[in-house]
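Remarks on the structure that follows.
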Amino acid sequence: MNTPAHLINRRDFTKTTLLAGAALASGGVGVPAANAPTKRIRTGVIGCGSVSHSYLPVLTKSPFVEVVSLCDIRPERAQKQGAKFNVARTYPHLDAMLAGEPFDFLVDLTDMQAHEKINRRGLEAGKHVWSEKPIANSLAAGQKLLALALKKNLRLWGAPITVQSPQFAFMAKQLAAGKLGRVAAAHADYGHEGPNWSAFFYEKGGGSMPDLAVYNFTTLTGLLGPAKSVSAMVSIVTPERTVGDKGRIKVTEEDNAMVLLDHGSGVISHTQSGFNYFNPHGHDGRQETRHTINVVGSHGFMGLVGYDWAPLGVDLATKDAPKLERHATDAQGYLWQQGAALAAECLATGRELMVTPGQALHVLEIITAARESSATGRRIKLASTFQWPLV
Ligand SMILES: NC(=O)c1ccc[n+]([C@@H]2O[C@H](COP(=O)([O-])OP(=O)(O)OC[C@H]3O[C@@H](n4cnc5c(N)ncnc54)[C@H](O)[C@@H]3O)[C@@H](O)[C@H]2O)c1
């Protein structure tokens with residue numbers, strides 16, 4: 001998990017420093033010197049459902065985090081996780097959490113539709129915020145959140161963190177070195193049969209794009225650059241579903257999406273994603289061994305082995321070495337669920353992440369533009385961009 005050794009290994013994937021003085025004085029690699037006390041960021045986690053089972057083990061093991069409170073509108077969930085992870089304070093509402101045990105960093109793991117409001121409340125209360133995807137429900141709302149964060153000298157980050165993996169770094173470096181020649185096209189593919197525990201995934205503001213395609217959009221824009229425009233078709237394949245929290249529900253947001261992105265200079269990518277995909281591996285990243293991201297150019301081909309959120313390696317073939325060869329098979333400590341722990345590390349040591357709110361907002365605009373393109377039959381120009389290249 002998030003051990004100091006892993007943190008050292010991730011050194012290649014960090015760039016600049018934020019809080020210049022803080023940890024750099026003690027070596028600058030984010031790992032405290034043998035006898036230097038580690039700065040732990042007092043952290044509150046809101047949303048104690050499914051994904052909290054993946055986040056809390058990482059957060060509670062991180063040397064940069066002290067989880068001081070948990071919150072869920074289903075209080076028994078917060079209490080159960082509190083007992084399991086030894087967190088004394090649990091709250092049934094954000095207001096009570098903000099008024100209770102003091103903390104500096106809010107980790108938002110609630111329903112997709114709740115993020116925008118909770119993230120705003122967190123920033124208004126002076127907390128740094130890590131949000132599960134999406135940060136907000138529209139580009140405009142997300143930009144306001146980011147402006148608020150900047151104004152208050154706070155940090156705001158959003159999942160996913162696919163650009164933090166060593167496999168992403170390997171692919172980005174091949175592209176930057178021109179190994180693929182003139183890059184032409186990319187394809188991404190991620191789907192499963194859909195979550196069966198909560199209705200919000202299928203209701204307005206949910207959908208398969210912010211849940212699944214969001215990983216691919218982050219990887220593809222990270223590799224190929226911000227998109228200029230979007231053409232898409234989205235649909236609802238299964239109009240009714242049975243889910244754990246509400247029983248039989250109507251599906252009102254897309255569960256099937258085909259999205260074309262124009263990255264400029266002639267480079268086009270395609271993402272296909274949805275909640276109606278037979279997938280024997282589902283949520284188990286270690287079992288998926290197909291290429292789920294392909295990039296091709298005039299001199300070479302690259303295929304990412306496995307999911308971009310849990311990659312297993314990169315297969316590369318070029319004109320000079322045309323036999324497909326596997327590279328970057330070491331995860332080097334990367335875990336898809338470590339984003340909030342990395343953000344806390346950044347707050348404690350100044351080590352920056354590859355993940356930026358600018359890219360998260362660009363990906364959010366891609367999602368809303370894809371819906372608009374599908375509804376109108378038009379190609380939609382994008383207004384947002386982000387600092388690129390990342391590597
Ligand atoms: N489950 C996963 O494996 C997984 C993986 C990656 C990302 N995510 C993302 O994590 C987020 C949560 O997903 P999940 O699967 O854990 O859902 P979930 O339904 O299991 O959990 C969400 C929790 O948030 C709580 N909640 C909702 N509104 C709240 C509010 N206003 N205040 C306090 N608590 C509130 C709910 O009661 C619930 O316990 C989503 O954005 C999802 O896309 C989930």
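The values are calculated or read from the model by the stated rules, or taken from the named source; none is laboratory data. These figures come from a predicted structure and were not determined experimentally. Methodologically, a virtual Cβ is constructed for each residue, glycine included, from the backbone with ideal geometry; neighbour enumeration extends over all protein chains shown. For the accessible areas, the whole protein counts, side chains as well, though only heavy atoms, and no ligand, DNA or RNA atoms are used. Shrake-Rupley method; radii C 1.70, N 1.55, O 1.52, S 1.80 Å.
Considering only region 241-262, state which residues are closer than 19 Å to Gly191 by Cα and of a type in the set (D, E, K, R).
Within region 241-262, Arg241, Glu253, Glu254, Asp255 meet the criteria.
Checking Ser229 against (1) of a type in the set (S, T, N, Q); (2) closer than 20 Å to Gly191 by Cβ; (3) open to solvent by less than 40 Å² (accessible area, probe 1.4 Å), only one condition comes out false. Which one?
Failed condition: (2).
Of everything in region 251-267, what is in contact with a strand residue (DSSP E or B) (Cβ under 6 Å, 6 or more places away or on another chain) and either in a strand (DSSP E or B) or of a type in the set (Ser, Thr, Tyr) (or both)? Give them in sequence order.
Residues satisfying the conditions are Asn256, Ala257, Met258, Val259, Leu260, Leu261, Asp262.
With the requirement that a residue be within 16 Å of the ligand (Cβ to nearest atom) and closer than 7 Å to Leu364 by Cβ, what does region 137-151 give you?
Gly142
If Glu101 meets every condition in (1) surrounded by fewer than 19 Cβ atoms within 10 Å (Cβ to Cβ); (2) in contact with a strand residue (DSSP E or B) (Cβ under 8 Å, 6 or more places away or on another chain); (3) under 28 Å from Tyr334 (Cα atoms) apart from one, which number is that one?
Unmet condition: (3).
May I ask you to list the residues in region 254-265 that are more than 21 Å from the chain's Cα centre (by Cα) and either open to solvent by less than 60 Å² (accessible area, probe 1.4 Å) or among the acidic types (Asp, Glu) (or both)?
Within region 254-265, Asp262, Gly264 meet the criteria.
Is it true that some residue in region 328-339 is free of Cβ contacts under 8 Å to residues at least 60 places away in the same chain and surrounded by fewer than 20 Cβ atoms within 10 Å (Cβ to Cβ)?
Scanning region 328-339, I find at least one residue that is free of Cβ contacts under 8 Å to residues at least 60 places away in the same chain and surrounded by fewer than 20 Cβ atoms within 10 Å (Cβ to Cβ), so the answer is yes.
Would you please name the residue that is farthest from the ligand (Cβ to nearest atom), looking only at residues in region 167-193 that are closer than 30 Å to Ser50 by Cβ and open to solvent by 20 Å² or more (accessible area, probe 1.4 Å)?
Per the criteria, the residue is His187.
Do we have Gly122 as of a type in the set (Gly, Ala, Ser) and in a loop (DSSP other than H, G, I, E, B) here?
The answer is no for Gly122.
Which condition breaks for Pro210 when tested against (1) buried (at least 18 other Cβ atoms within 10 Å of the Cβ); (2) over 19 Å from the mean Cα position of the chain (by Cα); (3) not hydroxyl-bearing (Ser, Thr, Tyr)?
With (1) buried (at least 18 other Cβ atoms within 10 Å of the Cβ); (2) over 19 Å from the mean Cα position of the chain (by Cα); (3) not hydroxyl-bearing (Ser, Thr, Tyr) applied to Pro210, the lone miss is (2).
Quick check, is Glu66 within 15 Å of the ligand (Cβ to nearest atom), among the acidic types (Asp, Glu) and open to solvent by 10 Å² or more (accessible area, probe 1.4 Å)?
Working: within 15 Å of the ligand (Cβ to nearest atom): no; among the acidic types (Asp, Glu): yes; open to solvent by 10 Å² or more (accessible area, probe 1.4 Å): yes.
Taking the combined requirement at face value, the residue does not satisfy it.
Within region 115-126, is there a residue that is within 21 Å of Val214 (Cα to Cα), more than 9 Å from the ligand (Cβ to nearest atom) and open to solvent by less than 20 Å² (accessible area, probe 1.4 Å)?
Within region 115-126, one or more residues are within 21 Å of Val214 (Cα to Cα), more than 9 Å from the ligand (Cβ to nearest atom) and open to solvent by less than 20 Å² (accessible area, probe 1.4 Å).
State which residue is nearest to Phe105 (Cα to Cα) when the search covers only region 37-76 and only residues that are charged (D, E, K, R) and assigned to a loop (DSSP other than H, G, I, E, B).
Ranking the qualifying residues of region 37-76, first place goes to Arg40.
Looking only at region 34-63, which residues are away from the ligand (no atom under 12 Å from the Cβ) and either open to solvent by less than 10 Å² (accessible area, probe 1.4 Å) or acidic (Asp, Glu) (or both)?
We begin by selecting, within region 34-63, every residue away from the ligand (no atom under 12 Å from the Cβ); these are 34-43, 57-63.
Residues satisfying the conditions are Thr43, Val58, Leu59, Ser62.
Take the residues of region 99-114 that are farther than 19 Å from Leu347 by Cβ and touching a Ser or Thr at 6+ places or on another chain (Cβ under 8 Å): which is farthest from the ligand (Cβ to nearest atom)?
Gly100
Taking the residues in region 281-295 that are within 22 Å of Val51 (Cβ to Cβ) and modelled with pLDDT under 95 as candidates, determine which candidate is surrounded by the most Cβ atoms within 10 Å (Cβ to Cβ).
Taking the candidates together, the pick is Glu288.
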